[in-house]
Amino acid sequence: MYADAKILVVDDEQITRQCLSSYFENEGYQVFCAETAEQAEGILRSEAIDVILLDIRLPAKDGLTLTRELRVHSEVGIILVTRRQDEVDRLIGLECGADEYVTKPFNPREILARTKNLIRRVRNSSHAKPTDSLSHSFKSFERWKLNIDRRQLIDEKQQSTQLTEGEFKLLNSLINHSGQVMSREQILELIRNREWVPSDRTVDVLVGRLRRKLGDDPANPKLILTIHGAGYLFTPRPSDLT
């Protein structure tokens, strides 16, 4: 499936590039390599990359800066490759718009599984038509619709915004429990899966990203409220949802 997918490995360590590129090439993928963010940008301009495996710590422009810049105009899949002690950087990376992260030393099979899932989401979203309401399931709230199949937010002008897997799972869970205060522990149980185990801080990061995409002022939110010492509350009443 998706044998024509293109993977870009960005890492300044030659052994890491060789390890990842050979592994994905053996799986039938077309792989490009770069040792700097600047080299990666050149490849991205000439190739339709599906997923980037991006090291956070790069010389000159780092992986976090590249992630932030790419998210301004691109929905390419981004998996950050970090060291175990880079917890803060991982959270910042998610906040910048990365889809997932893996830690060094990594398990190639784990990266392959995450990459396959991400390729599928990227390909599905690239073919999405937000006005195609007949073939998709939607949940509505305020001025928004959530396309369940495409994992997209659609506003009243039919403009769509793609959600990452974590953002989608969080918003879907909040909608399903509208009017209820949900603790971080409850949210974690609903959004985790076998390949992705978020932390308490990850929930806060995802809430911040969702607020921005929903136009919900973080200083005075109306849709997703922070209930100090308890968790989060999604405010639209169940009767508002269709």
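Derivation of every value follows stated rules applied to the coordinates shown; laboratory data play no part. Note that this is a predicted model, so its numbers are computed, not measured.
Descriptive notes on the structure:
- Degrees, to the nearest 10: 87-96 long Cα axis against longest axis of the chain: 70 degrees
- Within a Gaussian network of the chain (alpha carbon springs, distance under 10 Å), most fluctuating of I111, I15, I154: I15
- Most fluctuating residue given options L80, L210, L112, as computed from a GNM of the chain linking Cα atoms under 10 Å: L112
- Cα-based radius of gyration of region 6-126 once divided by 2.2 N^0.38 Å, which approximates compact folds: 0.94
- The chain: most fluctuating residue of D12, D89, D217 per GNM, C-alpha cutoff 10 Å: D217
- Rounded tilt (10° steps) of 165-176 against the dominant C-alpha axis of the chain: 10 degrees
- Dividing the helix sum by the residues of the chain, where each DSSP H run of 4 or more adds -39500 (n - 2.57), gives a mean residue ellipticity at 222 nm of -12000 deg cm²/dmol.
- Full-extension gain in nm, E75 to T161, via 0.36 nm per residue minus C-alpha separation: 30.0 nm
- For region 138-240, the alpha carbon positions stretch 35, 31, 25 Å along the principal axes, listed from largest to smallest.
- For the chain, fraction of C-alpha pairs farther apart than 32 Å, in %: 22 percent
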